[in-house]
1. Checking the structure you have, find out if any residue of segment 140-159 is open to solvent by 10 Å² or more (accessible area, probe 1.4 Å), in a loop (DSSP other than H, G, I, E, B) and under 25 Å from Ala97 (Cα atoms).
2. Which residues, taken from segment 293-326, are open to solvent by 40 Å² or more (accessible area, probe 1.4 Å), in a loop (DSSP other than H, G, I, E, B), of a type outside the set (Val, Ile, Thr) and in contact (Cβ under 8 Å) with a residue 60 or more places away in the chain?
3. If a residue must be buried (at least 21 other Cβ atoms within 10 Å of the Cβ) and among the hydrophobic types (A, V, I, L, M, F, W, C), how many such residues does segment 266-286 contain?
4. Count, please, the residues in segment 262-291 that happen to be in contact with a Phe, Trp or Tyr (Cβ under 7 Å, 6 or more places away or on another chain), among the hydrophobic types (A, V, I, L, M, F, W, C) and under 19 Å from Gln19 (Cβ atoms).
5. Out of all the residues in segment 127-139, is one or more in contact with a helix residue (DSSP H, G or I) (Cβ under 8 Å, 6 or more places away or on another chain), at pLDDT 95 or above, assigned to a loop (DSSP other than H, G, I, E, B) and closer than 25 Å to Pro293 by Cα?
6. Within the set of pairs 6+ apart or on separate chains, which have a first residue in segment 10-28 that is under 14 Å from Asp47 (Cα atoms), a second that is open to solvent by 80 Å² or more (accessible area, probe 1.4 Å), and C-beta atoms under 9 Å apart?
7. Every residue in segment 349-406 that is over 22 Å from Phe338 (Cβ atoms), among the polar types (S, T, N, Q) and in contact with a helix residue (DSSP H, G or I) (Cβ under 8 Å, 6 or more places away or on another chain), please.
8. In segment 192-221, how many are open to solvent by less than 20 Å² (accessible area, probe 1.4 Å) and out of contact with any Gly (no Cβ under 6 Å at 6 or more places or on another chain)?
Amino acid sequence: MFWEEERECIARDELEQLQLERLQATLYRVGTHVPFYRNKFFDMKLDYESFGSLDDLRRLPFTTKQDLRDNYPYGLFAVPLRDVVRIHSSSGTTGMATVVGYSSNDIRTWSNLVARILTAAGVTKDDVIQIAFGYGLFTGGFGLHYGAERLGASVIPISSGNTRRQIQIMQDFKTTALVCTPSYALKMADVMMDMGINPSGLSLKYGLFGAEPWSERMRRQINERLGIIATDNYGLSEVMGPGVAGECLECNGLHVNEDHFLIEILDPETLEPVAPGEIGELVITTLTKEAFPVIRYRTRDLTRLLLEPCPCGRTLQRIQRITGRTDDMLIIKGVNVFPTQIEAILFDIEGTQPHYNLVIERQQNEDRMTVLVEVVESMFFHEMKKQRQVIEQIKKRLATELGVSVEVKLVEERSLERFNGKGNRIIDKREL
């Protein structure tokens, strides 16, 4: 099944010509309308109007998440704010968010690309899609919602949480496709068992999952326990949101929408291309974004190109499911969390020490993070009420600023391991 067969099965030489033309247009857009890029090009003595080959891409500067923060909120927009019809944002590592904007054309493109991903995953206009991603500044909920409407499917915008109600709606509304994180899908399976509900009695056929790491083992569990076909999809707010890449029903890698995104797989240390098929950092250049184009954005996500043709007939290149990251970002319940965020909060609370560990586990198919934080020795001489107050203060601050709830445990001074160099404070016990 195809949404735009002429583009999804485009000949390679035709695709590369289209990419070059769109790259040239994007460079003109950022070179004339975005001071950040204009200054970069000037400093590098770069004549972007002379670009005549996709190989020239390597001459261009990189864009990082820090660049987005440094230009908060609208410094990287390529159109006036009056032409921006939607603004999304992701949480920042130290309180500074990254902000992205969409023009009317961007919204249409976004919706179309998500419809393309949904179709590849087996969904049609006859399906009822239950979106259990959070709505709001997070791009996942709205991105999938608009794509599903573009497809012509019926959309249930239930958002996240309240699992028993999710399942009741799934029964009553005869949901055929579920959109959420893979770990939440398994939690739903657990709650169904508790409620005595047999998934085979539901109308569910498909599941589109993303926003966190997952494995083939998890896919098999989801397929078996919910009786569906589970596919992976990939996106990130800095580039567009969902719709950058997604699996077809072959479930053998994610097709990248290359007519809209130019990808590179680079060695994260040398920033040179890796050999075809080797793992490296995914770097993305947008080709059709109007309001917020980005040049060579370093995603920090690790993947590799899959070189064999896909039996589905699509000629768009495939990437392997994201295998890790080059930085210390964690993904907890679909929320991006950086240790530096936690560190900044802890150090602002009286009685804590500058030493902590983050223990991540997956219990009953749900991510749980416990923050072990050293406190001054006198804290353990206080009554339990005082300790509970400190714990609740830390938990409240973390929940408010991270957007996800965590457990907190106070430990004695000097009880956590010390490091001579960069400390490894993360203990990830999850078995994906």
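1. Yes, some residue in segment 140-159 is open to solvent by 10 Å² or more (accessible area, probe 1.4 Å), in a loop (DSSP other than H, G, I, E, B) and under 25 Å from Ala97 (Cα atoms).
2. The answer is Pro311, Gln317, Gln320.
3. Within segment 266-286, residues that are buried (at least 21 other Cβ atoms within 10 Å of the Cβ) and among the hydrophobic types (A, V, I, L, M, F, W, C) number 3.
4. 3
5. No.
6. Close Cβ pairs satisfying both conditions: Gln24/Glu49; Leu27/Glu49; Tyr28/Glu49.
7. Matches in segment 349-406: Gln364, Asn365, Gln387.
8. Total satisfying the criteria: 9.
The values are calculated or read from the model by the stated rules, or taken from the named source; none is laboratory data. All values derive from a computational prediction rather than experimental measurement. Here Cβ is always computed from backbone atoms with ideal geometry, including for glycine, and neighbour counts include all displayed protein chains. These area figures cover heavy atoms from the full protein model, side chains too; ligands, DNA and RNA do not enter into them. Shrake-Rupley method; radii C 1.70, N 1.55, O 1.52, S 1.80 Å.
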